[in-house]
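Q: Quick one: this structure, given as C-alpha cells, is what I'll be asking you about.
The values are calculated or read from the model by the stated rules, or taken from the named source; none is laboratory data. Quick caveat: nothing in here was measured; it's all calculated off a predicted structure. Please note: Cβ atoms are built from the backbone with ideal geometry, for glycine as well, and neighbour counts cover all protein chains shown. Heads up: the accessible areas ignore ligands, DNA and RNA and are worked out on the full protein's heavy atoms, side chains in. Shrake-Rupley method; radii C 1.70, N 1.55, O 1.52, S 1.80 Å.
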Amino acid sequence: MTAPPDDCLARNEWICGEYLSTRRQIIVDAVLQHLELTAVSVLIALVIAVPLAVVARRWALAAGPVLALTTVLYTIPSLAMFSLLLPVYGLSASLVVAGLVLYSLTLLVRNILAGLRAVPEDTRQAARGMGYGPIRLLLTVELPLALPAAMAGLRIATVSAVSLVTVGAIVGFGGLGNLIYAGMNTYFKAQVLTASVLCVVIAVLADLLLLGVQRILTPWTRAVRS
Amino acid sequence: MNTLSDAWQWLTDSAHWAGDDGIWHRLTQHLVLTVVCLILSCLIALPVALVLGHLGKGGALAVNISNVGRAVPTFAVLVLLLLTPIGRWGEGPTVVALVLFAVPPLLTNAYVGMRGVDRSVVQAARGMGMTGRQMLWRVELPLAMPLVLSGVRIAAVQLVATATIAALAGGGGLGRIITAGFNLASTPQVVAGAVLVAVFALIVEGLFEIGERLAPGWARGRGKTG
C-alpha cells in the first residue's frame, strides 16, 4: 500500500503547478473552445451589425426600431438568453454563439452608427463634389472615418463576450466556464482559479490585439495627435 | 411551437407558483437581492465618485475599474467566492459578487458627471464664496444628477441580469428555475424560466425608462457612458 501523494492537488490548494502539468490538454482544449466561441460570435455580430448601422444611418426611420430592438435584446440576462434559444438550437455550441451574437449586436450597432453620424457633412459633400457615388462614398470615406468609434465598440463587445462565454457552461459549451462549473461542483480550487485567471488574461490580450489593429488601420489619428 | 405551448402550460400551472421553489418565492428573492445590492453599491460607489469628482482626481482609476470589471466573468467571481470562507454564509458570495459588478458603472458615471460640470459655473460658485462642501451639494451634484442617475439605471439592470447567474452557483432568485429545469432535463421549465427572467428584466428597464421620462428636467439623462 502506498501513501497518497502529498502534493498541492491532494491538499486542494488555490495555486498548483501540478494541476497545470497534469491537466494541460484539458486546459488547452478549454482555452481553444473559449477563443473559438468568442471569435465566431463577434465576427458574425460584426457582419450583421455593419449593414444594420448603414441602413439606420441612411434611413432615419429605421434607426429607432433597430436601436430599440438591439437594446431590448441586451437587457435580457445571459442565462435566460441561452435558455430561450434552447428549443431552436438544442444543446450545442451554436446556442452559445447565437446568444453572444445577440449581445454583441447592441454594442456594435450603437458604436458604428455613432461613428457614421460623426462624419462631418463637409467631408461628405466634398467627396460628392469629387464625383463619388453613394457606394464609393460609404466604402472609402464614411466607413473608414467611423472606424475609431466602431473599434471602440468592437473592443467592448469582445471583452464582454469573453466573460459571457463562461455562462455557456450551463449547456456544456462554456470554454473555460466548463472548468469553473466542474470545479465548483467538486470544490476543486486550483481548477477554478486557473480557469478564472485565464479568462481575464484572454480578455486583456484580445483587447490589446484589437487596440493594435485599430492603430494599424487608422494611421491618421496618430498623425493628428502628435 | 410545441415547446412554447409546453412552457406556457408550465407557467400557468398554479403548483409552480407556490412553495419554496415556486415562482413567487424566487421572484421575491430576486427582487430583494437586486435592491439590497443596488443600495449597498450606491453607498460604496457614490460617495467615492462624488469626492473624487469634486477634487478632480482619480479619473483614470474610475475608468480602469470599469474596464477591468467588464473583463472579469461574474460567474468566475461567484464560484471563487463560493470556495472561500465567505461561501459559508448563504447568500454572501452572491451579494459580494453583485456589488462588485454594480460599482463600476456607478463610479464611472458619477465621476464623469461631476467632471462634466461647466468649469465656469464652478468658478462662479467659488467667486460667490461657497465652501467646497456647499459647492459639491448645491452646484456640482445637481448638475451631475442626470449622469449619476443613468449610472444607477445601468447598475440596476446589470444587477437583475447578474443575479440570474447566481443560480448557476447555487444561489436563489429567478435563475434557479432555469437551472432546476436543466437539472430535470425539462425544456418547458427552462424556457418558462427564461421567459420569466427576460420579462422581469424588461419590466425593470421599462420602469427606469418611464421614470426618466417623467422626471423633472434636472434629473433627465443626457446620455450613457461606461
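Q: Considering only A:Ser94, A:Ser21, A:Ser104, give the residue with the highest GNM mean-square fluctuation for chain A, with springs between Cα atoms whenever their separation is below 10 Å.
A: A:Ser21
Q: Within chain A, what's the longest run with no chymotrypsin sites (Phe, Trp or Tyr not before Pro) in a DSSP loop and at most 12 other beta-carbon atoms within 10 Å? Give the range, please.
A: A:60-186
Q: Using +1 at the Cβ of each Lys and Arg and -1 at the Cβ of each Asp and Glu in chain B, identify which of B:Ser5, B:Ala166, B:Gly132 lies farthest towards the dipole's positive end.
A: Going by the charge dipole, the pick is B:Gly132.
Q: Oh, and also: Can you give me the accessible area per residue for the protein assembly as shown, using a 1.4 Å probe, in Å²?
A: In whole numbers, the protein assembly as shown has 48 Å² accessible per residue.
Q: Sticking with this structure for a sec: To the nearest 20 debye, what charge dipole does the protein assembly as shown have about its Cα centre, counting +1 at the Cβ of each Lys and Arg and -1 at the Cβ of each Asp and Glu?
A: So the dipole magnitude of the protein assembly as shown works out to roughly 1760 debye.
Q: Tilt of helix B:2-12 relative to the longest C-alpha principal axis of chain B, in degrees (0 to 90, nearest 10)?
A: Its long axis makes an angle of about 80 degrees.
Q: Here's another thing I want to ask about it. Taking every Cα atom in the range A:1-129, find the radius of gyration and the maximum pairwise distance Dmax, and write them in Å.
A: Cα only, the range A:1-129: 23.0, 89 Å (Rg, Dmax).
Q: With springs only between Cα atoms under 10 Å, which of B:Ala102, B:Ala192, B:Ala155 fluctuates most in a Gaussian network model of chain B?
A: Between B:Ala102, B:Ala192, B:Ala155, it is B:Ala192 that shows the largest mean-square fluctuation.
Q: Please report, as a whole percent, how much of the solvent-accessible surface of the range A:1-156 comes from carbon and sulfur atoms (probe radius 1.4 Å).
A: 69 percent
Q: Can you give me the angle between helix B:92-115 and the longest principal axis of chain B, using Cα atoms only, in degrees from 0 to 90, rounded to the nearest 10?
A: 30 degrees
Q: Between the range A:1-72 and the range B:85-129, what is the separation of their alpha carbon centroids in Å?
A: Each part reduced to its Cα centre gives a spacing of 28 Å.
Q: Where does helix A:143-165 land angle-wise versus the long Cα axis of chain A, in degrees 0 to 90, nearest 10?
A: 20 degrees
Q: Which listed residue (A:Tyr103, A:Gly212, A:Pro134) has the Cα farthest towards the positive end of the charge dipole for chain A, taking +1 on Lys and Arg C-beta and -1 on Asp and Glu C-beta about the Cα centre?
A: A:Pro134
Q: Any idea what diffusion coefficient the range B:1-123 gets from Stokes-Einstein, in µm²/s, Kirkwood Rh on alpha carbon pairs, 37 °C, 0.692 mPa s?
A: So the translational diffusion coefficient is about 188 µm²/s.
Q: Can you give the convex hull volume per residue for the Cα atoms of chain A, as a whole number of Å³?
A: 149 Å³
Q: Among B:Thr28, B:Ala97, B:Leu52, flag the residue with its Cα farthest along the positive direction of the charge dipole of the range B:17-176, charges on Cβ as +1 for Lys/Arg and -1 for Asp/Glu.
A: B:Leu52
Q: Stokes-Einstein diffusion coefficient for the protein assembly as shown at 37 °C in a medium of 0.692 mPa s, Rh from the Kirkwood formula over Cα pairs: what value in µm²/s?
A: Translational D for this selection: 138 µm²/s.
Q: Using alpha-carbon positions, what is the distance between the centroids of the range A:147-210 and the range B:32-54, in Å?
A: 27 Å
Q: Residues of the range B:153-176 with accessible area at least 40 Å² lower in the all-protein-chain context than alone (1.4 Å probe)?
A: Buried on complex formation: B:Ile165, B:Leu168.
Q: Most mobile of B:Val199, B:Val103, B:Val190 per a Gaussian network model of chain B (Cα springs, under 10 Å)?
A: Taking springs between Cα atoms under 10 Å, the residue moving most is B:Val199.
Q: Give, to the nearest whole percent, the P(r) tail of the range B:101-212 beyond 19 angstrom, counting all Cα pairs.
A: Everything past 19 Å amounts to 60 percent.
Q: Using a 1.4 Å probe on protein heavy atoms only, how many Å² of accessible area do A and B hide from each other, summed over both chains and rounded to 100?
A: 2900 Å²
Q: Then there's this: With +1 on each Lys and Arg Cβ and -1 on each Asp and Glu Cβ, and nothing else charged, work out how big the dipole of chain B is about its Cα centre, in Debye to the nearest 20.
A: Computed about the Cα centre, the dipole is about 1080 debye.
Q: Of the heavy-atom accessible surface of the range B:53-105 (probe 1.4 angstrom), what whole percent is carbon and sulfur?
A: Carbon-and-sulfur percentage of accessible area, whole number: 72.
Q: Run the lone-cysteine check on chain A: no other Cys C-beta under 4.7 Å from the residue's C-beta.
A: Those would be A:Cys199, since no other cysteine Cβ in chain A comes under 4.7 Å of theirs.
Q: OK, next. Of all accessible surface on the range B:107-226 at a 1.4 Å probe, what whole percent is carbon and sulfur?
A: 63 percent
Q: Residue by residue through A:148-160, how many Cβ atoms from other chains fall within 10 Å of the Cβ on average?
A: So the per-residue partner count for this stretch is 1.
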